Each structure stands twice: as structure tokens, then as C-alpha cells.
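Worksheet: one structure, shown below.
The values are calculated or read from the model by the stated rules, or taken from the named source; none is laboratory data. Since the model is a prediction, treat every value here as computed from it, not as a measurement. Backbone-built Cβ (ideal geometry, glycine too); neighbour counts: all protein chains shown. These accessible areas exclude ligands, DNA and RNA; they are computed on the full protein's heavy atoms, side chains included. Shrake-Rupley method; radii C 1.70, N 1.55, O 1.52, S 1.80 Å.
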Amino acid sequence: MNPMPASDQGVRAPRYQVVPRTLIFLTHAGKVLLIKGAPTKRLWAGLYNGIGGHVERGEDVYSAAQRELVEETGLDCPSLRLCGTVMVDVEPGVGVCIFIFRGELPGKVGPADELRESLEGKLEWILFSQAAQLPLVEDLYILLPRLLALRPGDPPFSARSTYDEHGRLSLVFSQG
């Protein structure tokens, strides 16, 4: 078997390109772990989001999710599973591909004061039923209920996110 050279991947400047990112949601006993963005953050200051970040060169998306989880929470969750992807159109030739993971923390989860705070923000365990009342990152109002409804064995979902001429977000799910 002959190896495929990198030049056969068909990557050229005029093609649509994406920045890969991870977004992780840990759950336990009807709660989801969210991070409230620090007031000093450039993006999403004061808004609740999942844990995550960029995929670094040389990483696969699962390893990136595990790394981001440990960096931002100090927690390890071996049960992380890919639940979906969202393609976000940002500019005509560039977008973001978000790989969304969910993991269930087994056993007893310690009190909220054991969660560490970082430059990224403050971690909080939120009841599923109360998440929609919080100031969430805009797409989480649609994405989080879909994610939390998934059961083990369900296929991952796929969605596309765009912004209209007024900067309003639209999130459309395909089959799955």
C-alpha cells in the first residue's frame, strides 16, 4: 500500500477552511457543568458556556477535548463521547468546526467550592431544568437541550450555524 502524500489532500487557499474546536459538557445527577465567562474575557464575558477550546496541531479532537477538560476543570472523564458537530460560517472562506462531547461523571461529585476558578471563568453545576434561565452563549439555548436529550447509542447530530445580515444566529440541524 502506497502512502498518500499530503499534496493529495487537495488543500488550497480558495477552498473553505475551518478552525477545529472542542466543546465539552459534563453531566452528573441531573446537572451540567458550565463555565461562566470571566468578566475580562474578550468573548462571552459573563455568559455560560461548555468547557472547551482549540484543537492544537498534532492532536485529534478527542485528545484535544480531554486536554481542554483537564486544563479548565482539573477533572478527567474517560466516558467522553462525541455527540455532534456544528459548522459555523464566520467569513466567506473560513469557518469553525465545533466537535461537541458529553461525559457523565461517575460517583459522588464534590461541593461547588471544590471547582477551581481560572482566567477563563467560574465553573458551576447547573440543573438541566434551570440552564435556559441563565445568560447562555447564544447557540446553547438550542444546542444544550438537544445534547442533553441524547442517550448512549444515539447517533451524533450535525448542524450548521450562520449569521444573518443583522448578526443574528441561526442553527439548523440535519438528520441525526
FRET efficiency for S63 and E91, Cβ-Cβ distance as r, R0 = 41 Å, nearest 0.05? 0.90
Can you give me the convex hull volume of the Cα atoms of segment 62-112, divided per residue and expressed in Å³? 102 Å³
Working from the alpha-carbon coordinates of segment 21-166, get Rg over Rh, Rh being the Kirkwood radius. 0.94
Test item: Cα-centred dipole of the chain, Lys/Arg +1 and Asp/Glu -1 on Cβ, debye: 220 debye
Can you bin segment 14-64 into rounded, prolate or oblate? Criterion: square roots of the alpha carbon gyration tensor eigenvalues sorted a ≥ b ≥ c, rounded for a/c under 1.5, prolate for a/b above b/c, oblate for the rest. oblate
Expressed as a whole percent, how much of the Cα-Cα distance distribution for segment 36-98 exceeds 19 Å? 44 percent
In nm, the gap between the two label points placed 7 Å beyond Cα toward Cβ at H166 and V18 is 2.8 nm
Pairing the Cα long axis of helix 140-149 with the longest principal axis of the chain, what angle in degrees results, from 0 to 90 and rounded to the nearest 10? 80 degrees
Using a 1.4 angstrom probe, figure out how much accessible area segment 20-101 has per residue, in square angstrom, rounded to the nearest whole. 46 Å²
Checked against the positive end of the charge dipole of the chain (+1 on Cβ of Lys and Arg, -1 on Cβ of Asp and Glu, about the Cα centre), the farthest of G30, P78, T40 is G30
Given a 1.4 angstrom probe, what's the average accessible area per residue across segment 112-176, in square angstrom? 65 Å²
Degrees between helix 61-73 axis and first principal axis of the chain (Cα, 0 to 90, nearest 10): 30 degrees
Would you please give the FRET efficiency between R151 and Q130, computed as 1/(1 + (r/R0)^6) with r the Cβ-Cβ distance and R0 = 22 Å, to the nearest 0.05? 0.55
Tell me, what is the 1.4 Å probe accessible area of V172, in Å² to the nearest 10? 90 Å²
Suppose R0 equals 25 Å. What FRET efficiency, 1/(1 + (r/R0)^6) with r the Cβ-Cβ distance, do A38 and E138 give to the nearest 0.05? 0.85
Test of understanding: express the Cα radius of gyration of segment 82-159 as a ratio to 2.2 N^0.38 Å, with N the residue count. 1.31
Using a 1.4 Å probe on the protein heavy atoms, what percent of the accessible area of segment 31-168 belongs to carbon and sulfur? 56 percent
